1. In this structure, is V360 aliphatic (A, V, I, L, M), touching a residue at least 60 places away in the same chain (Cβ under 8 Å) and assigned by TED's automatic domain parsing to the domain that holds R226?
2. With the checklist (1) more than 21 Å from N30 (Cβ to Cβ); (2) among the small types (G, A, S); (3) modelled with pLDDT of 95 or more in hand, flag the one item A138 doesn't pass.
3. Looking only at residues in the stretch 313-333 that are surrounded by 17 or more Cβ atoms within 10 Å (Cβ to Cβ) and assigned to a strand (DSSP E or B), which one is farthest from the chain's Cα centre (by Cα)?
4. Any residue in the stretch 414-428 that is more than 22 Å from I38 (Cβ to Cβ), in a helix (DSSP H, G or I) and not polar (S, T, N, Q)?
5. Considering the stretch 141-167 alone, what residues qualify as being surrounded by fewer than 17 Cβ atoms within 10 Å (Cβ to Cβ), more than 22 Å from Q22 (Cβ to Cβ) and at pLDDT 95 or above?
6. Taking the stretch 255-309, which residues are in contact with a strand residue (DSSP E or B) (Cβ under 7 Å, 6 or more places away or on another chain), part of a loop (DSSP other than H, G, I, E, B) and more than 22 Å from P55 (Cβ to Cβ)?
7. Return the residues of the stretch 185-203 that are surrounded by fewer than 11 Cβ atoms within 10 Å (Cβ to Cβ), more than 20 Å from C267 (Cα to Cα) and not basic (K, R); say none if nothing qualifies.
8. Would you check which residues across the stretch 1-33 are assigned to a loop (DSSP other than H, G, I, E, B) and under 20 Å from M435 (Cβ atoms) and list them?
Amino acid sequence: MSAPGSVVLDYTLHDLYNADDQDYDICMVNAYAPPPSIPLAAHIPAIKQFPVQAPLCPAYDQDELTRTILHLVAQRFAFCAGPMRILVLESESQKSQCSSHGRSQADISKVFSQLQEKQRPLPLFVPISDLSKFRLDAKTKLAVTGPLDWFSHIPQVIDPRIHYNLLSKRGLAKSGLPTPRTIVIDTVLSPSPTEPFTDKDLQPEIARMTKPILETPIPFIVKVPRITGVGQGTFIVHTEADRSSVYEVFLEEVKLMLLALNPANECLATCNVIIQEMVPGETASLNFFVTQTGRAIFNCCNHQDVDDAYIWSGGLVSYNEQAVLESQYRETMDAVAHFLHKHGYYGPAGVDIMTDETGVQFVVDLNVRITATYHLGPLRGHFTRRGFSEAAAMSTFRLTCTQAEFESHFAEELCSGSLVLTAWVHLQEASLVTMTVAARDRTGLQEIVQKVSEFADNFASTDHSYTS
């Protein structure tokens, strides 16, 4: 791991929150909602008010899933937070196991130690079972990755019901922002407080909501309204075979969405299918910050890598191109910031912008939260001062090596500052790791990415089986 204090960020989220007159102190909590298909420990309340979807979610060991959505996300997203309080959630099993609790604290402390002392986040570990009693002082509000039932009683930067809509694909389709042509198929069913839906209710509605998948001309895109941190939320239909497989996925997914409907979330329009026109063109991902007065502060513009299943697998940034890219996308970024500010949001955000062959820009995705590539902006000076103009935030690796073995293998990169660990979470027999790498040019970046990938292949663990 990089030497203590060796990473100096150009700015932090703490700086950005205070860029305009800040009315409140901010306490951040970075955590994903658990996928509805995999229950967590019995003491962790299920998510009912703000449901998420996770179609094709892989099987996970329960402890690994908990540490992924609570600890990995907490480290990675808080890396550029700066000196503000960070709420780190723990499960009851971790609370009762002193060694596990201590390991979690040591992991996050070591990762944050790479930052100069005055830029280190201030973690506050809170068991989920104690959240109902947790309170912030009157001058502090919570900034969340996404609305979670667990925090409904705590004052937040934005009303969680509004935040839920801003994060949903339905919300983007109805936003008035320039998007590709989109059809939203909402459910017409209304949940009863006492009587659950019967199969007689469900089957006709599932058929009605999924029928457009069978009828829309190819190619097109199908989305669920809100995706958790695991699973797949976007499906591209290129062929009739794609259509058939996506249709089968959504037969089950629409049923799950309908069963998750209840009187507490009905007003949030949580059950819908989104079908979007596929627009050919170049896509850029912008990270920016919306201040409390509505200004858009540019962070960075990067290229997102997605795999064949349209799941995020990394983000690449060229620092020498940032000034041109900011100018190119400034008008659309300002429009998105104005939209978010109008709905009461301020804080970090990401937007994917596609430019078609005529030069028209479309908003194809909107992440009203911190993103997995947000830290690439604040790390610019750290890398460029060392002569590195290209950088990549890499997806999560599951490694069976020790931390010492990793640091020995990448001693040169850690010493030169071309590799920065943004999360290291110990499991029982492996570790979850995220990192950012940089090089002088794209060829050099490909080489270091390949070196990391080959090392990960040698120490990979693929046992994600779920055990209750």
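The values are calculated or read from the model by the stated rules, or taken from the named source; none is laboratory data. All values reported here derive from a predicted model rather than from experimental measurement. Here the Cβ positions follow ideal geometry from the backbone for every residue, glycine too, while neighbour counts run over all protein chains shown.
1. Values: aliphatic (A, V, I, L, M): yes; touching a residue at least 60 places away in the same chain (Cβ under 8 Å): yes; assigned by TED's automatic domain parsing to the domain that holds R226: no.
No; evaluated as a whole, the condition is false for this residue.
2. (3)
3. Restricting to residues being surrounded by 17 or more Cβ atoms within 10 Å (Cβ to Cβ) and assigned to a strand (DSSP E or B), the top hit is S318.
4. Here is the first cut: in the stretch 414-428, the residues more than 22 Å from I38 (Cβ to Cβ) are 414-422, 424.
Narrowing further to those that are in a helix (DSSP H, G or I): 414-416.
From what's left, not polar (S, T, N, Q): 414-415.
Checking the stretch 414-428: at least one residue is more than 22 Å from I38 (Cβ to Cβ), in a helix (DSSP H, G or I) and not polar (S, T, N, Q).
5. Within the stretch 141-167, just R161 meets the criteria.
6. Answer for the stretch 255-309, where residues must be in contact with a strand residue (DSSP E or B) (Cβ under 7 Å, 6 or more places away or on another chain), part of a loop (DSSP other than H, G, I, E, B) and more than 22 Å from P55 (Cβ to Cβ): V279, G281, T291.
7. Just the residues of the stretch 185-203 that are surrounded by fewer than 11 Cβ atoms within 10 Å (Cβ to Cβ), to begin with: 188, 190, 193-195, 198-200.
Still in the running and more than 20 Å from C267 (Cα to Cα): 198-200.
The answer is T198, D199.
8. Hits for the stretch 1-33 are M1, S2, A3, P4, G5, S6, V8, L9, D10, T12, N30, Y32.
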